[in-house]
Amino acid sequence: MAKIVESLEKLSVEHDTREHDNNRVVKRKRELTSSIEEAVSVDHNYILAVCGTQRQIFDPEFRIGTALSDHTCVIYSVGESLNQIFTLTHNQAPIVGIRFSPTSRNILYTATNNGQITACDLRAKGKVIAKFTDITDDGKTKPLCSFDVSCNEKLIAGGSEHIGGDAFILFWDARHTNSKLDDKNNLLGGYWQSHVEDVTSLAFHSNKQDVLASGSTDGLINVFDLSQPTEDSALTYSLNTESSVDRIGWLNDNNLWCTTHNSLQLWDYDGATPYAKFGRNNLAVSQNDDPDDCYIVRFHASNALGQPFLLAGCSCVKGCLNVINDRLETCYNMVGNKQIVRDSWLHEKSGSLITVGEGGLINIWRQTETMSIEQNLSHKLVAKIGTSKAHDRQHRTKPY
């Protein structure tokens, strides 16, 4: 295991006090420092994705899982240091998603491009305890490019590539045991009329087990009520981003965030357009930043670092951006990042931000003091409350 590099300096903090037009004062920290850094692979493998465990009670240690470009998953325990637990080697194709069980820190789900989702038990050295596939009559599987697990862990959804004129959202019952590993008929069903290109992102609602949002390269974000009997009746909202959707997630009951290949968009259900949109020009926070080199990693809707924020950068990630009124501002500078970041995950209880990327490094960014914010202005846009009125296929138009 590569040597852990502990930061020799304490977290450097500067308080920036600004008075806005409405006389509200916000004090913000200016720097995050990587307290732990580890090279996962000596073979120059990328780390494509990271996930972790959240617990309702405070636990000084948590787990993270990393998905590598060589199809392996490396699992760690994180506390004052980073300790490797073991490596999963069962995947036979590129990994397109990785998730811990929402109900158990010992179950890890991975989805691969060859159309298979597996559940592994970390108490049994990563033994595969369930497989979820869709095998057609001709013996072929649908290649996946996204997946998610419902908040009560009853459903697994997988989003497919565009194949044979259709793009599929497939559903499985997650409550399968060892005895059903060879069951080829564990598919519950699927949708294939709502997207016409690759389904790049799926996001179950955090507390509504039957609500699922999907995003696609066709430019649409669709919201489904899975309690309805048909796909047509389940599709309750369709929002046109006019771009290729990369990731989506929930802000609250009625609002969604979306990152495309060139923008961050914030939506509510009733909007014909996003109520906030920030393009590459908004990401160039320094005069030396070229907007063409700017890229978006992920939006984090949690308040664990004081306010929701966007992780983005130019060439390599340099900081976290939060929404202040109608603009993006740097809320944290990230000191010492050495790689192009591909994914990030936030442990809410400890405020630890984990980043992974093309250098094969895991970085854990931490703060040591409490952020002081007299009034949180970022929620003016990010926590905008939408209405819950149902509409039939709202704003569904051709995106291009």
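Of note:
- From the alpha carbon centroid of segment 226-243 to that of segment 269-321 is 27 Å.
- For Asn325, the residues 5 or more places off, or on other chains, whose built amide H falls under 5 Å of its own are Lys380, Leu381.
- In sequence order, segment 71-82 has phi-based couplings of 6, 8, 10, 10, 10, 10, 9, 10, x, 6, 9, 10 Hz under the Karplus curve 6.51 cos²θ - 1.76 cosθ + 1.60, θ = phi - 60°, and Gly or Pro positions carry x.
- Förster-model FRET efficiency, 41 Å R0, Ile85 and Gln209, C-beta, rounded to 0.05: 0.85
- Packing order of peptides 210-222, 310-322, highest average first: 210-222, 310-322 (average count of other Cβ atoms within 10 Å over each peptide's residues).
- Rounded to the nearest Hz, the phi-derived 3J(HN,Hα) couplings of segment 194-201 under the Karplus curve 6.51 cos²θ - 1.76 cosθ + 1.60 (θ = phi - 60°) are 8, 10, 10, 9, 3, 8, 8, 8, where x marks glycine and proline.
- Ligands, DNA and RNA are left out, and with a 1.4 angstrom probe the accessible area of segment 166-315 is 39 Å² per residue.
- Placed amide H near Ala130: partners under 5 Å, 5+ positions off or other chain: Ala119
- Other residues whose C-beta falls under 11 angstrom from the C-beta of His162 contribute a net charge of -4, scoring Lys and Arg +1 and Asp and Glu -1.
- Under 5 Å from the amide H of Cys316 lies no amide H of any residue 5 or more positions distant or on a separate chain, with H modelled from the backbone and absent for Pro and chain starts.
- Approximate spin-label separation Asn288-Ala272, in nm, with each point projected 7 Å along Cα-to-Cβ: 4.5
- Taking a Cβ cut-off of under 13 Å around Ala111, the surrounding Lys, Arg, Asp and Glu residues balance to a net charge of 0, with basic ones at +1 and acidic ones at -1.
- Modelled spin labels at Thr141 and Lys349, positioned 7 Å past Cα toward Cβ, are 3.4 nm from each other.
- Surface composition of segment 90-278: carbon and sulfur make up 45 percent of the accessible area, probe 1.4 Å.
- Debye log10 I(q)/I(0) for segment 90-278, one point scatterer per Cα, at q = 0.10, 0.12, 0.16 Å⁻¹: -0.39, -0.56, -0.98
- Extension gain from Ser77 to Asn114, taking 0.36 nm per residue of separation minus the Cα-Cα distance: 10.4 nm
- Computed over segment 90-278: relative contact order in percent, which uses C-alpha pairs under 8 Å that are six or more apart: 12
- 3J(HN,Hα) from dihedral phi, segment 84-98, Karplus parametrisation 6.51/-1.76/1.60, rounded to Hz, x for glycine, proline: 6, 8, 5, 10, 8, 10, 7, 6, 10, 8, x, 7, 10, x, 8
- Normalised per residue, the volume of the convex hull around the Cα set of segment 204-286 (Å³): 91
The values are calculated or read from the model by the stated rules, or taken from the named source; none is laboratory data. The model shown is predicted, which means the values in this text are computed figures rather than measured ones. Please note: Cβ atoms are built from the backbone with ideal geometry, for glycine as well, and neighbour counts cover all protein chains shown. Side chains are part of the model used for accessible areas, which takes the heavy atoms of the whole protein and leaves out ligands, DNA and RNA. Shrake-Rupley method; radii C 1.70, N 1.55, O 1.52, S 1.80 Å.
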